[in-house]
Amino acid sequence: MGSFIQYTLQGLASGGFYALAALGLAVIFGVLGVVNFSHGSMYMLGAVGTVVALDEFGLSFWASLIVVPLVLFVFGVLLERGLVRWLLKLDPLYNFLLTFGVTLVIVDLVKRRYGSSGMPYDTPAGLRGQIALGGLELPTYQVFAALLSVLVCVAVWVILVKTRVGMIVRAATEEPDRSRALGVNVAMWVTPVFGFGIALAGLAGVLAAPTRSVTADMGTNFIIILFAVVVIGGLGSIFGAVAAGFIVGLVEAFGQAYAPAYAQVLIFVLMAGVLLVKPTGLFGSGEHS
Amino acid sequence: MFKSSLKIVLGTTVAVSLAACGGAGGPGGGSEKISDGKLVLGVLNDQSGPYKDLSGPNSVEAVKMAVEDWKAAHKDDAVTTDIEVITADFSTKPDVANTKAQEMYDRENADIILDVPNSAAALAVATQAKNKKRVYINVGGGTSALTGASCNKYTFHWAYDTYMLANGAAKSVTDSGGKTWSIVYPDYEFGQASDKLYTGAVEAAGGKVIAHIPTPFPNENFATFITKAQQGNPDVIASMHGGGDLANFFKQYQQSGGDKSTKVVGGVVFLSDIKSIGAEPLKGMQFTDSWYWNMDKEARAWADRFQEKVGTRPTAINAGNYSAAYQYLEAVQEAGTDKSDDVVAKLEGKKINDIFLRNGEIRAQDHRVIHDVYLAEVKDPKDIKEDEDFEKIVTTIPAANAFRPLDQSECSM
């Protein structure tokens, strides 16, 4: 039983990474109709940025938690203004290919500058060690990362539900055509939403730096799982992305614990199963499909 | 064979097509001592991918250093001073390695190929070496099949292999009191083989493996596997992961409080890994190393020269490439020709001490280069006084005990 609870918590901790990044992906898809293939590389930039911020600017982990996502927000705004925007009117496939190309360029630039092997980053001093939780010893950092990602997801949710800005974005995300028809200026929100989605991926990357290998290629596998997450949750559904993030984290953890040989395939079996039963995903509205 | 003047007239196309037909006895022959009048050393490794820092461009530099040093040592009596170092990138793909090796031997007239840090790629190149009857010295690849079931007359294995990695650390650590082991390994061929080799070595030393834990490959989140490895409180937890997975495993292992009483062992660890993960998550980890830049005066002196040239400390694979290139040139000098069969005859059975090899010997029977290897430990960051001085040598494992004994080898040439 003890290890069952431990596996559950571990699943939630790793689900937090997926939820944060998938949330960004879902928001971008919702408002722009863009499947952002470069999301994995933004996650990587978040982690690499955290290491570089420490090595070259002496920024602590805590400062990076704020600064790195902000820098990526600006980067996202520039990317949207400079490239993505010009293809919005065309078939969504064009932007998918564009962001795929952007990924290749970013990954190779990072390799060129920082090499292809990992970059060291230690667990921040205040988050080392373990905390006892009802007879279980849990890594402090994992608990922190899980709590922070839940907190950010909840905060984003509150903003979306309680504020006017949130309502517009939500309307634009989940019913873009109808929102337009009702006179909501969806276009105005496109740029900041894109930047915000990129910033969320960057935040997941910052959280990954102390606990995962920081390399130029770290986003490559991540993006594949991430796509599975948003497909399970329902493309464009914000709540679905977050819920599916945690579900996938749990499936992965229990898979690794009880059927390790199938752990990776289980996620995609789940995805296939969801698609069979409900092609729009668990929480998808279907407008985009 | 053609006379040299005719050869020039006919141009390279003929040379290429001749070589592609297989030829006989490799390069050279006729009146020339050295085919085409020059020696060509090909370094085939990963110039841009995950093994770039382990070997890559720095190994090419090391080979160039070997050529310079060798020329300086043989000013007047050198059999040739026209020595070219060529290089190619196989981007960790075995099929690319296969094609590049073919190109090097056939089109660029390489007399020898060095390195190839990937097991599947190394085996492909060994097959090319066998078919083309040209020398191949593997340095960066790990598979002990190169001097086992897949051995051949023209292939040598210089620095380390999977048998030696497992045998060294498993025996030394079990002997020093680590009786119960949990082995965590990536669930593909290399990981499964390492698990078997480690288990064999631990049991032979009187220890017991209480858990074998396969993990997906590659893998980001190791939390559940770490929990499993810790169940049953083993004396030792060994991770057979490499590269990014190694970093993931040890970062998360340290966060889960694994650094208290259990000893940790790394299955395949190189200086470049420690550099990329940092000493903090790895401190106290033990592993088998084939060479370390600060292990003695001779190694250190060479490492200083290397750093001056390249700007970083050499990995064992960099140093191994230097040693392999240098000793190949020595063998050519002794043979007085670059004819593969003559050079191989000079290499076989040769006893060597150089900057890399201590008590080295090229076993004639299977072409395994045996030499002293080391049980190394990653230092606590507090004890690191000098840049990149991450390792402490715990014990030296003598050449005779370090590698697979001949009677266990499946090699027949």
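The values are calculated or read from the model by the stated rules, or taken from the named source; none is laboratory data. Nothing here was measured: the structure is a model prediction, and the numbers come from that model. Because the Cβ atoms are built from the backbone with ideal geometry, glycine has one as well, and the counts that use them run over all protein chains shown. Side chains included, ligands, DNA and RNA excluded: accessible areas come from the protein's heavy atoms. Shrake-Rupley method; radii C 1.70, N 1.55, O 1.52, S 1.80 Å.
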_Quick check on my link table: of B:Lys93/B:Lys228; B:Lys132/B:Lys171; B:Lys133/B:Lys275; B:Lys196/B:Lys283; B:Lys71/B:Lys297; B:Lys64/B:Lys297, which ones sit more than 29 Å apart, alpha carbon to alpha carbon?_
B:Lys93/B:Lys228; B:Lys132/B:Lys171; B:Lys133/B:Lys275
*What FRET efficiency do you get for A:Ala261 and B:Lys75 if R0 is 56 Å and r is their Cβ-Cβ distance, rounded to the nearest 0.05?*
0.35
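Which whole number gives the average count of other chain Cβ atoms within 10 Å of the Cβ atoms across peptide A:2-11?
3
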*By accessible area of protein heavy atoms, probe 1.4 Å, what ranking do A:Val74, A:Val184, B:Val373 get, highest first?*
A:Val74, A:Val184, B:Val373
*Mind ranking B:221-228, A:222-229, A:113-120 by how tightly packed they are, going by the mean number of other C-beta atoms within 10 angstrom, highest first?*
B:221-228, A:222-229, A:113-120
*Among B:361-369, B:308-316, how do they line up from the highest to the lowest mean number of other beta-carbon atoms within 10 Å?*
B:361-369, B:308-316
*At 1.4 Å probe size, with no ligands or nucleic acids counted, give the accessible surface of A:Glu137 in Å², nearest ten.*
100 Å²
*What is the distance, in nm, between label points placed 7 Å from the Cα along the Cα-to-Cβ direction at B:Gln307 and at B:Ile384?*
1.3 nm
*Starting from the Cα of A:Leu133, step 7 Å toward the Cβ, then list every residue of the stretch A:224-254 with an amide N under 12 Å from that point.*
none
*Using only Cα atoms, tell me the angle between helix B:56-73 and the longest principal axis of chain B; keep it within 0 to 90° and round to the nearest 10.*
50 degrees
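Apply the membrane-span-like helix rule to chain A: whole DSSP H runs, Cα extent along the own long axis of at least 24 Å, mean Kyte-Doolittle hydropathy at least -0.5. List the helices found.
Membrane-span-like by this criterion, though nothing is claimed about a membrane: A:2-32, A:39-57, A:61-79, A:92-114, A:140-162, A:186-208, A:238-258.
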*Mind checking how much accessible area A and B bury in total, 1.4 Å probe, in Å² rounded to 100?*
2800 Å²
*asked:* What are the equivalent ellipsoid semi-axes of the stretch A:1-137, built from the alpha-carbon gyration tensor (square roots of five times its eigenvalues), in whole angstrom, biggest first?
replied: 32, 21, 13
*Using the heavy atoms of the protein chains alone and a 1.4 angstrom probe, what is the accessible area of chain A per residue in square angstrom?*
43 Å²
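At a Förster radius of 41 Å, what calculated FRET efficiency corresponds to the Cβ-Cβ distance of A:Arg178 and B:Lys208, to the nearest 0.05?
0.05
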*Within a Gaussian network of chain B (alpha carbon springs, distance under 10 Å), most fluctuating of B:Asp53, B:Asp372, B:Asp77*: B:Asp77
*What nm distance separates the two modelled labels at B:Lys196 and B:Asn294, each placed 7 Å from Cα along Cα→Cβ?*
3.9 nm
*Would you mind pulling out the separation of the Cα centroids of the stretch B:341-368 and the stretch B:207-241, in Å?*
38 Å
*Per residue, how much accessible area does the stretch B:103-234 have with a 1.4 Å probe, in Å²?*
31 Å²
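Using a 10 Å cut-off on Cβ to Cβ distances, tally the other chain neighbours for every residue of B:271-277 and report the average as a whole number. Don't jump to the answer; show the numbers that get you there.
On the way: counts 0, 3, 2, 1, 5, 9, 8.
Mean shielding by partner chains, rounded to a whole number: 4.
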*Rounded to a whole number of µm²/s, how large is the Stokes-Einstein D of the stretch A:205-289 at 4 °C and 1.567 mPa s, given Rh as the Kirkwood radius over C-alpha pairs?*
95 µm²/s
*Long pairs among B:Lys52/B:Lys100; B:Lys100/B:Lys351; A:Lys111/B:Lys379, criterion Cα-Cα beyond 22 Å*: B:Lys100/B:Lys351; A:Lys111/B:Lys379
_Averaged over A:253-263, number of beta-carbon atoms from partner chains that fall within 10 Å_ = 4
_Centre separation in Å (Cα based) which lies between the stretch B:86-106 and the stretch A:26-61_ = 35 Å
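Once Rh for the protein assembly as shown is found with the Kirkwood sum over Cα pairs, what is the Stokes-Einstein diffusion coefficient at 4 °C and 1.567 mPa s, in µm²/s?
On the way: Rh = 27.3 Å.
The calculation lands on 47 µm²/s.
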_In whole percent, and with a 1.4 Å probe on the protein chains, what portion of the accessible area of the stretch A:130-252 is carbon and sulfur?_
72 percent
_Given a 1.4 Å probe and heavy atoms of the protein chains only, how would you sort B:Lys339, B:Lys382, largest accessible area at the top?_
B:Lys382, B:Lys339
*asked:* Solvent-accessible area of A:Phe73, probe 1.4 Å, all protein chains present, reported in Å² to the nearest ten, please.
replied: 70 Å²
*May I ask which of A:Lys162/A:Lys278; B:Lys33/B:Lys75; A:Lys89/A:Lys162 have a Cα-Cα span longer than 22 Å here?*
A:Lys162/A:Lys278; A:Lys89/A:Lys162
_Prolate/oblate/rounded call for the stretch A:1-54, Cα gyration tensor, a/c under 1.5 rounded_ = oblate
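Can you sort B:Asp187, A:Asp55 by 1.4 Å-probe accessible area, starting with the largest?
Final ranking, largest accessible area leading: A:Asp55, B:Asp187.
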